[in-house]
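Novice: Quick one: the structure is below, and I'll ask about it shortly.
The values are calculated or read from the model by the stated rules, or taken from the named source; none is laboratory data. Note that the coordinates shown come from a computational prediction; the quantities given were computed from them, not determined experimentally. Cβ atoms come from the backbone with ideal geometry, glycine included; neighbour counts cover every protein chain shown.
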């Protein structure tokens, strides 16, 4: 009985506790189910994100795979999938084709051209296109299309090469390259392209590859490169010193090694804008660039191809710092051509532009070597050289400098002016010379008279020396005749003339 009673009491306790446990369990289940129901909508809101495909392998098999079926248009996909399609189209356009054979890959070439146009339109359609996630794919596509080995070009040193008459060799792949360059330009100037992020992809290696393309013979390609490199220089401030140094190296190799490069004019045009933005006072690095890279560019024979841009860069420096006029003028005289009249005319034009910006103190320091060279140009047999040098005296500021230092200038050029007035064959040069003589006479008649007297004395001394030389030759010829007659040398030739001729004596056999 007691045992059965205890057993019933134990079972009653268990029965009384089980409803509470069951109620607690039900509450827990309800809470869990509510949490799951609340979490379910949050999970359903997250879209399924497709992974970005890896960079393609550039070979013939991959080309057939990528061009097997055309990709849909950006208009035909939802906004969430447009960036993925953007990457796929970039990969599709990473393959290049041989345009020297118009019958090869005709369908694929047209697909790529249309896809490139879609990429440019997509880049122009709004913001948010050039994110860091797609930067690697963009640079890969650009590198595959742009960075290539250029064909060998003609030498500028060939005598019959005329850049104004010769037709340049055009790039056969330009139908694709033009759109690729347009896309690169959009990428660089876009507000989506953060310079701090993009500098990892548009790095120094990328800049060097761009600079190599400036040697392309196609002027259309060089024009795009000029615009793009200028934009890169403006946006990526971290690359600015490297860009200047890399351009320096291109110039050094052109000046001292090859004397051949198709893109010197375009690079100088970029530098003209860069120099215009230099802050004052000029850094020593910039002054060294002027003396070590820009001024030696006057040396190559093909300077006419880029002289306009070169002269602009040089005058920009002198305009910013007039003290640079002295080293610039001295280096210009150092590289002055001796036998190339075309270069002389160019140099005289540049000289006039520099003299316009030269202060009197710097002018005084260089006037002796400067006007010695001008005196040689005044008496040049090439009428364009003589005429261009005489045009300098038509410039009002240059006349002011000459008038200020006429005591030193006139004695240097007086002889050349007199010789031109007496002997030059060209009527225009003769007339300009008389005008310059009249100008000096009106400036300082006494000085002009002194120079005239000194010139006549020098001419008289020259005539006396010439007469003395002729007398000595006659005496020498007379002694030679007597010696030949005394020795009985046959076939002796002794010619008494007013000019020197060698005496030929046939030796005895």
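Novice: Collect the residues in region 288-307 that are out of contact with any helix residue (DSSP H, G or I) (no Cβ under 7 Å at 6 or more places or on another chain) and in contact (Cβ under 8 Å) with a residue 12 or more places away in the chain, keeping them in residue-number order.
Specialist: Scanning region 288-307 gives 292, 301, 302.
Novice: All but one of (1) within 28 Å of residue 459 (Cβ to Cβ); (2) in a helix (DSSP H, G or I); (3) out of contact with any helix residue (DSSP H, G or I) (no Cβ under 6 Å at 6 or more places or on another chain) hold for residue 361, so report the exception by its number.
Specialist: (1)
Novice: Taking the condition part of a helix (DSSP H, G or I) and either modelled with pLDDT of 95 or more or exposed (fewer than 15 other Cβ atoms within 10 Å of the Cβ) (or both), does residue 209 pass?
Specialist: Details: part of a helix (DSSP H, G or I): yes; either modelled with pLDDT of 95 or more or exposed (fewer than 15 other Cβ atoms within 10 Å of the Cβ) (or both): yes.
When the stated conditions are applied, residue 209 passes them.
Novice: Just to be sure before I move on: is residue 347 free of Cβ contacts under 8 Å to residues at least 60 places away in the same chain, within 15 Å of residue 403 (Cα to Cα) and assigned to a helix (DSSP H, G or I) in the structure I sent? Break it down stepwise before answering.
Specialist: Working: free of Cβ contacts under 8 Å to residues at least 60 places away in the same chain: yes; within 15 Å of residue 403 (Cα to Cα): no; assigned to a helix (DSSP H, G or I): yes.
No: the conditions fail for residue 347.
Novice: Kindly indicate which of 480, 485 is part of a helix (DSSP H, G or I), surrounded by 11 or more Cβ atoms within 10 Å (Cβ to Cβ) and at pLDDT below 85. Break it down stepwise before answering.
Specialist: Numbers: 480 fails: at pLDDT below 85.
Result: 485 is the single residue among 480, 485 that is part of a helix (DSSP H, G or I), surrounded by 11 or more Cβ atoms within 10 Å (Cβ to Cβ) and at pLDDT below 85.
Novice: Here are 280, 267: which of them is under 27 Å from residue 323 (Cα atoms), free of Cβ contacts under 8 Å to residues at least 60 places away in the same chain and under 14 Å from the mean Cα position of the chain (by Cα)? Write out each step before concluding.
Specialist: Working: 280 fails: under 14 Å from the mean Cα position of the chain (by Cα).
Exactly one of 280, 267 is under 27 Å from residue 323 (Cα atoms), free of Cβ contacts under 8 Å to residues at least 60 places away in the same chain and under 14 Å from the mean Cα position of the chain (by Cα), namely 267.
Novice: Is there a residue in region 402-424 that is under 43 Å from the mean Cα position of the chain (by Cα), at pLDDT 90 or above, over 30 Å from residue 362 (Cα atoms) and surrounded by 11 or more Cβ atoms within 10 Å (Cβ to Cβ)?
Specialist: Checking region 402-424: not a single residue is under 43 Å from the mean Cα position of the chain (by Cα), at pLDDT 90 or above, over 30 Å from residue 362 (Cα atoms) and surrounded by 11 or more Cβ atoms within 10 Å (Cβ to Cβ).
This table checks each residue for (1) within 19 Å of residue 181 (Cβ to Cβ); (2) part of a loop (DSSP other than H, G, I, E, B); (3) out of contact with any helix residue (DSSP H, G or I) (no Cβ under 7 Å at 6 or more places or on another chain).
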position	(1), (2), (3)
56	no, yes, no
61	no, no, yes
81	no, no, yes
87	no, no, no
101	no, yes, yes
104	no, yes, yes
109	yes, no, yes
114	yes, no, yes
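Novice: Follow-up. Could you list, in sequence order, the residues of region 254-270 that are modelled with pLDDT under 95 and either farther than 22 Å from residue 151 by Cα or exposed (fewer than 15 other Cβ atoms within 10 Å of the Cβ) (or both)?
Specialist: 256, 257, 258 - these are the residues of region 254-270 that are modelled with pLDDT under 95 and either farther than 22 Å from residue 151 by Cα or exposed (fewer than 15 other Cβ atoms within 10 Å of the Cβ) (or both).
Novice: Mind checking whether some residue in region 457-469 is touching a helix residue (DSSP H, G or I) at 6+ places or on another chain (Cβ under 9 Å) and exposed (fewer than 15 other Cβ atoms within 10 Å of the Cβ)?
Specialist: yes
Novice: Being touching a helix residue (DSSP H, G or I) at 6+ places or on another chain (Cβ under 7 Å) and exposed (fewer than 15 other Cβ atoms within 10 Å of the Cβ) is true for just one of 375, 428. Which residue is that? Lay out the reasoning, then the answer.
Specialist: Working: 375 fails: exposed (fewer than 15 other Cβ atoms within 10 Å of the Cβ).
Every option except 428 fails the conditions.
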